[in-house]
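**Q** Before anything else, here's the structure in question.
FYI, it's all coordinate maths here, none of it is from the lab. Every value quoted in this text rests on a predicted model; they were computed, and no experiment measured them. So basically every Cβ, Gly included, is an ideal-geometry build from the backbone, and we count neighbours across all protein chains shown.
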Amino acid sequence: MTTGNVVAINGNMVSVSVKGDVSMNEVGYIKVEDKRLKAEVIRVRADQAELQVFEDTKGVSVGDEVEFTAELLAVELGPGLLSTVCDGLQNPLPELAEQAGFFLQRGLYLKALDRSRKWTFTPSVAEGDTLAAGDEVGSVPEGIFRHRIMVPFGWRGSFTVTSIKAEGDYTIDETVAEVTDEDGNTRSITMVFEWPVKRAIDAYAERQRPEEPMVTKVRIIDTFLPVARGGTYCIPGPFGAGKTVLQQITSRNADVDIVIIAACGERAGEVVETLREFPELIDPKTGKSLMERTVIICNTSSMPVAAREASVYTAVTIAEYYRQMGLNVLLLADSTSRWAQAMREMSGRLEEIPGEEAFPAYLESVIAAFYERAGVVRLRNGETGSVTIGGTVSPAGGNFEEPVTQATLKVVGAFHGLSRARSDARKYPSIDPMDSWSKYPSLVDLQMVEYARDILEKGDEVGQMMKVVGEEGTALADYILFQKGEFLDAVYLQQNAFDPVDAAVGVDRQRHVFDILFRILGSKLRIDSKEKARTFFYNLRQKFIDYNGAEWESDDFNSLESEIVKMLEDVSDGLEPNAEQAYNKRGSNA
Amino acid sequence: MRKVYSRIDSIVGNVINVNAEGVRYGELAVVSSRYGDSLAEVIRMRGNEVSLQVYNGGRGISTGDEVRFTGHPMQVSFSDNLLGRIFDGSGQPRDNGPQLTDNLIEIGGPSVNPAKRIIPRNMIRTGIPMIDLFNTLVESQKLPIFSVSGEPYNPLLARIAMQAEVDVIILGGIGLKHDDYLYFKDTLENGGALSRTIMFVHTASDPVVEALLVPDISLAVSEKFALEGKRVLVLLTDMTNFADAMKEIAITQEQVPSNRGYPGDLYSQLASRYEKAVDFEGAGSITILGVTTMPGDDVTHPVPDNTGYITEGQYYLRNGRIEPFGSLSRLKQQVNDKTRNDHRAVMDGMIKLYAAYKESQEKKSMGFRMSEWDDKLLKYGTLFERQMMDLSVNIPLEEALDRGWQIMAECFEPQETGLKSELISSFWPKEKAEEASA
């Protein structure tokens, strides 16, 4: 084992004079008094290595001993990960609390997975079968999922099964299968293995194009700015615009199998909400608590900075692991800016030449590499699995021109930019419908969406113009267009996250309601004054908001709908020509 | 007996270098110069070269002065004897009272395990409608007051302190003007609150390094009170001075600045303080209200910007009023469904109408003809500003809600408010409804 001694300390960076070989990103432990502080090698120069310490360095002294492990920073993968809550280094937080009380105690590291719990293993291979890395040897039930026990992803070559355990209960450390490699060496497979977090798991046949929509039950997203399974999206926004609320809503409602929440350098309180509420919330799809499909990696803002950087990698590695079981996984990272800042802090201590806003020059490539770990993959057994990554960005001053936002926009497939103007006006979710974009297919007919978007844009133009020429200087037709745009915004783009019904709108309802909305937007209206136009839209909006709050397909819902349709028919002269065209062809572009 | 070093190798700003052995990172030392003793903290080590940050500043320190290492990090005394006392940034008495040395605790301790936190659930009533109704303050919340120099943020802070129902108030003054320090002292004394108050005050004329210690000392003491079951309210004014002190020190240490000269870890530094706000299960809580003055009224300035990302909302204090736009209490949703069933709807509805009023006002100022709707909005806006926003309004939440309905009924037809019909039918003031139908 390589050892060394501390020679310099600067914040959470410690320089160590090393006796022996040391590798980049290797994990080392600094011995302080009776504690061992975990650290990662981030630079090696001759016999001196710089380590970033994942803990507070108070009390470290020159000459303190350092032990190197020869292992890269890795996470444990195995059954039992679901519903756990751990820090960026995969230490389970509830277990830490049991040992250390209210406060986190440095130098205390625990195994992420329960060693004593028995899992019911069912073998799926027989002696003599040939396997490769990532292939299934058996499975255990984990909650509602069939957790696949696989050949560790890092094993190279092919393996022949020499023994396999019969169906029965085993702990994760027990050997369930023995295999021999091409050179005849015997290796044993347990239910748990480690994987270095900074390497993408590549035990699959091919990567595919993300096309299937990932429903979030947020209207503005699913209809106008959709996200695909296996895709990537980012949510930049100034503080207070609702990034985290949007992430929380998505984590509840997203139509995926597993959600990994990486709370990276953000408020602890927000994690607590998830932590305390999820066990009580029932997932309508499975009838089980939401916690059973969730993993929380939380390295909040007051926890050690270096572990913040590790936390996003820990999260994406766990996401990739479950993807290997043919599941759809959503990773929500909040916020990637804090991760970038952690890199900046360390870069400053290393005295690297700073790039823009003192971020390191490698910022872009690191961000790109992270988002590229998302994707739909076809596994070797023919199944597909996906990892979708949604990251929030907290741009300094709410200005999207800053390096982290720009680097992120280059690599994502959808951009949900939050706007301060909309959140100030309490228009939630405050995604800017004009600036945001998505490259993924929508839930509803594309042409109809385009038509609605066009109304929104033109209505906004009229609105801008009206600020200059006033209402009296605006033509009636333009004024109606403006009212239509406002109406669309008020009843469809905005959604009340605290209304039990309106908070989550399923696919059928979205399609149905959008249809009615489209007929309103596309109608030629027989209205002869602006005053009447305004009253009409106010009344209609009132009805529509009540309608949005009514239970899907309830009596209330149906009667409100017929009232709305009646109100429209009273003044409508049918659809505008291009609206009619889009409407009649609906479905052909969905 | 620990070694005494009598040779200081270099003095740069507030940082001195000493050649010493067996020193630990973060350890405290005493530097004795002919102007008296000062504490100093180890901030960097390279071989035997130890850099110390001198709390009283480098001014007057001689290369021949003595440095004595204490063998422990910065500590502060904690007991009930602190109540009613006033200290400076390094924990020395400022009020001629005795120095306290019993039951020393370390400052800047570890972070609370997120798994041990609980969801905040108690509203803190302040009697200010812009807070209680629109942006409710919640126990264990961390909230800054964003303001600019010259605004009455200290009086607002003092008023909240006096009216809020808490057990202990800890005031951390950072770069405080001496007048403001006296103002707080007098207000709390006259209000009879000084006996449950502890003040750690760094005034503008004190050494800059001490400014960095004020939040840590204040919060370390709060934490102990909270663990004893007390509900603690920490007031920090002004956190921009804290950040500026950090900037000053980082620059003299030749750190690479990130944004407008502030160090790259500004966010983490601020966060490690604000995140001390907590509600301990089975014990007390810490609520933090800080003042952040925005240089040039610019919210994108690094200090308010980073603060906004850390705290659970913010209050904008502008023109002597708490602005409804931008002001936000993120935790209000935890409590405002338990107050009255119209609370949320009135809150959202009134703000939307006020936003529409602002647009009409803009149109009016540009000389456009006002429609009937504009006139209604203008009337509404005026009433709203006078009866709700004015800081002199001091009424409980329920009264504020009733007043909200009254204002809306005076200006609008029910359907124009965009509120749900069932709420309108139960809360719309009856006499107004009759008037309208008559």
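**Q** For chain B, go through all pairs of different Cα atoms, get the mean of 1/r, take its inverse, and jot down that Kirkwood value in Å.
**A** Roughly 23.9 Å, rounded to one decimal.
**Q** Then there's this: Across all directions of projection, what mean area in square nanometres is found for the Cα convex hull of segment A:346-419?
**A** That works out to 6.6 nm².
**Q** Leaving out same-chain residues fewer than 8 places away, which lysines sit with a Cα under 23 Å from that of A:Lys198?
**A** A:Lys38, A:Lys111, A:Lys410
**Q** Ok, one more. Which residue, chosen from A:Pro360, B:Thr197, B:Ser62, occupies the Cα position most advanced towards the positive end of the dipole of the protein assembly as shown, where the dipole is computed from +1 (Lys, Arg) and -1 (Asp, Glu) charges on Cβ about the Cα centre?
**A** My answer, from the dipole projection, is B:Ser62.
**Q** Put +1 on the Cβ of every Lys and Arg and -1 on every Asp and Glu Cβ in the protein assembly as shown; which of A:Leu81, B:Ile86, A:Val469 then has its Cα farthest towards the positive end of the dipole?
**A** The listed residue farthest towards the positive side: B:Ile86.
**Q** Which percent, nearest 5, of DSSP beta bridges in the protein assembly as shown are antiparallel?
**A** 70 percent
**Q** Here is a follow-up. Starting from the amide H of B:Val234, placed 1.01 Å from N in the peptide plane, find each other amide H under 5 Å away whose residue is 5 or more places distant or on another chain.
**A** So B:Val234 has HN proximity to B:Ile170, B:Thr287, B:Ile288, B:Leu289.
**Q** Rounded to the nearest 5, what % of DSSP beta bridges with both residues in chain A are antiparallel? Provide the component values of the computation, followed by the final result.
**A** Details: 72 of 99 bridges.
Percentage antiparallel, nearest 5: 75.
**Q** If you don't mind, there's one more thing I want to ask. Just in segment B:237-278: which GluC sites (Glu not before Pro) are loop by DSSP and have at most 16 other Cβ atoms within 10 Å?
**A** Taking segment B:237-278 and a limit of 16 other Cβ atoms within 10 Å, the loop GluC sites (Glu not before Pro) found are B:Glu254.
**Q** Also: For Cα pairs less than 8 Å apart in space and 6+ apart in sequence, what is the mean separation divided by the residue count of chain A, i.e. the relative contact order in percent?
**A** Relative contact order here is 12 percent.
**Q** Let me ask you something else. Please work out the ratio of the alpha-carbon Rg of segment A:119-191 to 2.2 N^0.38 Å and round it to two decimals.
**A** 1.03
**Q** Which FRET efficiency, nearest 0.05, do B:Ser425 and A:Ser365 yield, Cβ-Cβ r, R0 60 Å?
**A** 0.50
**Q** Could I ask something else about it? Reachable aspartates and glutamates from A:Lys58, Cα under 18 Å, same-chain residues fewer than 8 places away excluded?
**A** List returned: A:Glu33, A:Asp34, A:Glu40, A:Glu50, A:Glu345, B:Glu21, B:Glu27, B:Glu41, B:Glu49, B:Glu106, B:Asp216, B:Asp265.
**Q** Once the principal axes of the Cα atoms of segment A:37-129 are found, what is the range along each, listed largest first in whole angstroms?
**A** For segment A:37-129, the Cα spread along each principal axis is 55, 41, 18 Å.
**Q** Can you put B:Ser147, A:Ser438 in order of Cβ neighbours within 10 angstrom, beginning with the fewest? Numbers along the way, then the final one.
**A** Numbers: B:Ser147 26, A:Ser438 19.
Starting with the residue having the fewest Cβ neighbours, the order is A:Ser438, B:Ser147.
**Q** According to a simple spin-label model (label point 7 Å from Cα along Cα-to-Cβ), what is the distance in nm between A:Trp437 and A:Glu351?
**A** That separation, rounded to one decimal, is 4.4 nm.
**Q** If you average 1/r across every pair of different Cα atoms in segment B:234-290 and take the reciprocal, what Kirkwood value do you get, in Å?
**A** 12.8 Å
**Q** Where a ≥ b ≥ c are the square roots of the eigenvalues of the C-alpha gyration tensor, would you call the protein assembly as shown rounded, which needs a/c under 1.5, or, failing that, prolate if a/b is larger than b/c, or oblate?
**A** oblate
**Q** Related question: Let me know the charge dipole size of segment A:446-584 about its Cα centre in debye, to the nearest 20, where only the beta-carbon of Lys, Arg (+1) and Asp, Glu (-1) is charged.
**A** Using only the charged Cβ atoms, the result is roughly 300 debye.
**Q** Could I ask something else about it? Calculate the translational D of segment B:4-73 in whole µm² s⁻¹ from Stokes-Einstein, where the hydrodynamic radius comes from the Kirkwood formula applied to all Cα pairs, the temperature is 10 °C and the viscosity 1.306 mPa s.
**A** In µm²/s, the coefficient rounds to 139.
**Q** Can you return the lysines within cross-link range of B:Lys430? Criterion is Cα-Cα under 28 Å, with same-chain partners fewer than 8 residues away left out.
**A** Reachable lysines: A:Lys532, A:Lys543, B:Lys338, B:Lys352, B:Lys376, B:Lys379, B:Lys420.
**Q** Mind checking which of A:Gly522, A:Gly237, B:Phe184 is farthest towards the positive end of the protein assembly as shown's charge dipole, using Cβ charges of +1 (Lys, Arg) and -1 (Asp, Glu) about the Cα centre?
**A** B:Phe184
**Q** Still on this model: So for segment A:446-584, averaging the separation of alpha carbon pairs under 8 Å that are six or more residues apart and normalising by length, what relative contact order in percent results? Kindly include the intermediate steps, with their values, before the conclusion.
**A** Working: 118 pairs, mean separation 40.5, N = 139.
Once normalised by length, the contact order is 29 percent.
**Q** If you line up the Cα atoms of segment A:446-584 on their principal axes, what length do they span on each, largest first, in Å?
**A** 43, 34, 28
**Q** What ranking of B:Asp180, A:Asp499 emerges when the number of other C-beta atoms within 10 Å of each C-beta is taken as an exposure proxy, fewest first?
**A** Details: B:Asp180 21, A:Asp499 14.
Lowest to highest Cβ neighbour count: A:Asp499, B:Asp180.
**Q** Separate question: Which one of B:Leu143, B:Leu235, B:Leu28 has the biggest mean-square fluctuation once chain B is modelled by GNM with Cα springs under 10 Å?
**A** Highest fluctuation of the listed residues: B:Leu28.
**Q** Roughly what would the spin-label model give for A:Glu127 and A:Glu277, points 7 Å off Cα along C-beta, in nm?
**A** Output for this residue pair reads 5.5 nm.
**Q** What is the packing order of peptides B:2-8, B:63-69, taking the mean over residues of other C-beta atoms within 10 Å and listing the highest first?
**A** With the highest mean Cβ count within 10 Å placed first, the list reads B:63-69, B:2-8.
**Q** Another question, then. Peptide B:262-275: average number of partner chain Cβ atoms within 10 Å per residue?
**A** Average neighbour count from other chains, rounded to a whole number: 6.
**Q** Next up: Hey, what did chain B get for relative contact order, percent, Cα under 8 Å, at least 6 apart?
**A** About 16 percent, as a whole number.
**Q** Sticking with the crude label model, points 7 Å out along Cα→Cβ, report the distance from A:Ser163 to A:Ser116 in nm, one decimal please.
**A** Simple spin-label model gives 2.7 nm for this pair.
**Q** Taking Cα centroids, how far is segment A:59-125 from segment A:515-590 in Å?
**A** What the calculation gives is 56 Å, centre to centre.
**Q** Using only the alpha carbons, work out the radius of gyration and Dmax of segment A:1-67 in angstrom.
**A** 10.2, 29
**Q** Tell me, how many Å apart are the Cα centres for segment A:320-345 and for segment A:251-290?
**A** 15 Å
**Q** Then there's this: What is the distance in Å between the Cα centres of segment A:386-443 and segment B:49-117?
**A** That distance is 45 Å.
**Q** About its Cα centre, what dipole magnitude does segment A:220-363 give when the only charges are +1 on Lys and Arg Cβ and -1 on Asp and Glu Cβ, stated in debye to the nearest 20?
**A** 220 debye
**Q** Given 25 °C and 0.890 mPa s, compute D for segment A:202-339 with the Stokes-Einstein relation, Rh being the Kirkwood radius over Cα pairs; round to the nearest whole µm²/s.
**A** The Stokes-Einstein estimate is 157 µm²/s.
**Q** Then there's this: Please report, in debye to the nearest 20, how large the charge dipole of the protein assembly as shown is about its Cα centre when each Lys and Arg carries +1 at its beta carbon and each Asp and Glu carries -1 there.
**A** Values: 109 positive and 151 negative charges, 131 e Å.
Charge dipole, the protein assembly as shown, about its Cα centre: 620 debye, nearest 20.
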